[in-house]
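Engineer: Supplied in structure tokens, the structure appears directly below.
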Amino acid sequence: MHEMSLAEGILQVIDDAAREQGFSRVRVVRLEIGQLSAVEVEALRFCFDAVTRASLAEGARLQIDSVPGAGWCMMCSKTVPLPALYEACPHCGGHQIQPTAGTEMRVKELEVD
């Protein structure tokens, strides 16, 4: 389950930010997770709750914003919506699509005390 290592990475980002900015508590963690990122959101929530016990993020709420998938089709040179990796281009039917959005996961914002 790679969501555990993702949750640990999020906690590391929080700890680093706390050292740099001097806050002592995190109330909300806002994440952007792409639809093509292969992250199971409910598993990530569970893992986040587990890794943040006894930390400054214990009890913090995860707010997750979904980023839709998109790609650039090499056949027709158009940017197209991409609901899943390896889908055909909705314009030309080609399969040579380079993902351009929806593969990311990032900590977007922290609400802190």
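Engineer: With Rg and Dmax of the Cα atoms in Å in mind, check [x] 15.8, 57; [y] 16.5, 54; [z] 17.3, 53 and report the label derived from this structure.
Structural biologist: [z]
Engineer: Under the rule of -39500 (n - 2.57) per DSSP H run of 4 or more residues, summed and divided by the residues of the chain, what mean residue ellipticity at 222 nm is obtained, to the nearest 500 deg cm²/dmol?
Structural biologist: Only helices count here, giving -9000 deg cm²/dmol.
Engineer: Can you run phi through the Karplus equation (6.51, -1.76, 1.60; θ = phi - 60°) for region 105-112 and list ³J(HN,Hα) in whole Hz, with x for Gly and Pro?
Structural biologist: Along region 105-112, the couplings run 9, 8, 7, 8, 7, 10, 9, 10 Hz.
Engineer: Taking θ as phi - 60°, what are the ³J(HN,Hα) couplings along region 60-77 by the Karplus curve (6.51, -1.76, 1.60), each to the nearest whole Hz, with x for Gly and Pro?
Structural biologist: Result, ordered by residue: 5, 8, 8, 10, 10, 9, 8, 10, x, x, 8, x, 10, 7, 6, 6, 10, 6 Hz.
Engineer: May I pose another question? State the Cα centre-to-centre distance between region 87-113 and region 46-66 in whole Å.
Structural biologist: The distance from the Cα centre of region 87-113 to that of region 46-66 comes to 24 Å.
Engineer: Let me ask something else. In nm, to one decimal, how far is the modelled label at S24 from the one at S77, with both set 7 Å along Cα→Cβ?
Structural biologist: Going from the S24 label point to the S77 one covers 6.0 nm.
The numbers here are math on the coordinates, done by the rules we state, and not lab data. Treat the numbers as computed from the prediction; the structure is a model and nothing was measured. A quick note on method: Cβ atoms are made from the backbone with ideal geometry, for glycine too, and the neighbour counts reach across all protein chains shown.
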